[in-house]
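Notes to accompany the following structure.
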Amino acid sequence: MIEIERNVYLKGLNTFGLDVFASHYVRIRKQDDLPELLESDAFGEYKQQVLGLGSNILFINDYFEGLIIHMSLKGINIVENGSERVIVEVAAGENWSDFVDKMVESDLGGIENLSLIPGTVGAAPLQNIGAYGVELKDTFVSLKAFDLASGKIVSLGHSECEFGYRTSIFKTSRAKRFIILSVRLKLTKQHRLKTDYADIKRMLAEEGIEKPVIKDISRIVKQIRQQKLPDPATIGNAGSFFKNPVIHPLVFEGLRREHNNIVSYPDENGFFKVSAGWLIEQAGWKGKRIGNAGMHDKQALVLVNFGGATGSELYQHAMNVQYSVKQKFGILLEPEVNIIS
Ligand code: EPU
């Protein structure tokens, strides 16, 4: 039986640590809860917002007039165990970082670069989480989702999800249509490690590790993240607030003529991905605090709540940063975090 609760406090369910209430809230513990929810009066009456751990979300208002669907399905199962690879099915409500740790402990490779990313497994496909040269799509096989349009459980393969840089159909053409129930990933028993990211290379060299194993990469990634990124348990944040903008080569040439130290990387389509952190830093916002909102002093791309900021103050701060980068560079930064009003 599902229980729809009223006026629920969401401070523990958003990593910005905002004092937000939701008018309606339901916790989903098993797949069968969803057809029941679809039949309920509350479902048809209110706008809905699915939440995992609330680590990529900014509530602009203190009161969310709608239904929070909190996914807490649990379970990790090996569904195929070959000599070289393993297919593992993970339920949406599992904590991503804990799941990665378990796989790393079992010497299963493919997601070690994604260590310590906050959030749940069910949220990972939405923005195709990525870090240190690896994205979810690199190991993704398929997912199971509850289709709100038909009330049926469907399976979606890799190409159907249309993964891109921090995006998928779950953020674009099919936003709000599916609730992700579980994800299947293909992990390897062989070490095919991705060590080309500059920070990883540097740390391996510093530690004198010539032949790293999965556990080394996971440990190093955790160290890099802990040095640069604020821990949401102590300072409210949702990781990178904006995406790194991807720019046409002609526009990029113009920019480079004016700013020859611009930090950028060519992408696979001949475009240039420009470091949003660098743009924000150059515009003077790194470590700058206004009231209780600011951009982190070690990574300018991370919007932080120093304590007591409201959602609208944080949003206003982000919009000021966006405006100022647009004025200085002519580039419009696009939020990576989901903004909920
Ligand atoms: N940089 C600056 N100033 C800054 C921040 C960065 O100049 O304040 C420059 C530096 O030159 C640095 C380069 O940008 O070497 C790249 O910085 P970093 O390695 O921190 O990566 P990022 O591009 O800023 C992205 C992801 C992060 C992910 C890291 C590592 C996005 C939006 N963000 O950040 O993901 O951890 O790469 O792979 O793509 C997240 O999505 O929440 C997130 C934290």
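Going through (1) surrounded by fewer than 16 Cβ atoms within 10 Å (Cβ to Cβ); (2) at negative phi one by one, Val121 falls short only on (1). For the stretch 92-108, the candidate set comprises residues that are under 16 Å from Arg184 (Cβ atoms) and not in a loop (DSSP other than H, G, I, E, B); within that set, the residue that is nearest to the chain's Cα centre (by Cα) is Trp96. If only residues of the stretch 173-204 that are open to solvent by 80 Å² or more (accessible area, probe 1.4 Å) and within 16 Å of the ligand (Cβ to nearest atom) are counted, the one that is nearest to Lys152 (Cα to Cα) is Lys194. The residue that is surrounded by the most Cβ atoms within 10 Å (Cβ to Cβ), among those in the stretch 226-244 that are in a loop (DSSP other than H, G, I, E, B) and near the ligand (Cβ under 10 Å from one of its atoms), is Phe241. Restricting attention to the stretch 255-281, the residues that are at pLDDT below 95, assigned to a strand (DSSP E or B) and under 22 Å from the mean Cα position of the chain (by Cα) add up to 1. Residue check: Asn81 meets all listed conditions (1) without any contact (Cβ under 8 Å) to a residue 12 or more places away in the chain; (2) within 16 Å of the ligand (Cβ to nearest atom) but one, namely (2).
Checked against (1) more than 9 Å from the ligand (Cβ to nearest atom); (2) within 21 Å of the chain's Cα centre (by Cα); (3) at pLDDT 95 or above; (4) not aromatic (Phe, Trp, Tyr), His248 meets all criteria but (2).
Candidates are the residues of the stretch 290-315 that are surrounded by fewer than 18 Cβ atoms within 10 Å (Cβ to Cβ) and within 15 Å of the ligand (Cβ to nearest atom); the one that is nearest to Ile60 (Cα to Cα) is Asp297.
Selection of the stretch 18-44 for residues being touching a Phe, Trp or Tyr at 6+ places or on another chain (Cβ under 6 Å) and either buried (at least 22 other Cβ atoms within 10 Å of the Cβ) or touching a residue at least 40 places away in the same chain (Cβ under 8 Å) (or both) yields Leu18, Val20, Phe21, Ala22, His24, Leu34.
For the stretch 22-64, the set of residues classified as within 24 Å of the chain's Cα centre (by Cα) and either among the charged types (D, E, K, R) or within 16 Å of the ligand (Cβ to nearest atom) (or both) consists of Arg27, Arg29, Lys30, Lys47, Gly52, Leu53, Gly54, Ser55, Asn56, Ile57, Leu58, Asp62, listed by residue number.
The values are calculated or read from the model by the stated rules, or taken from the named source; none is laboratory data. Source: prediction; values computed, not measured. Cβ: placed from backbone, ideal geometry, glycine included. Neighbour counts: every protein chain shown. Just the protein is used for accessible areas: all its heavy atoms, side chains included, with ligands, DNA and RNA removed. Shrake-Rupley method; radii C 1.70, N 1.55, O 1.52, S 1.80 Å.
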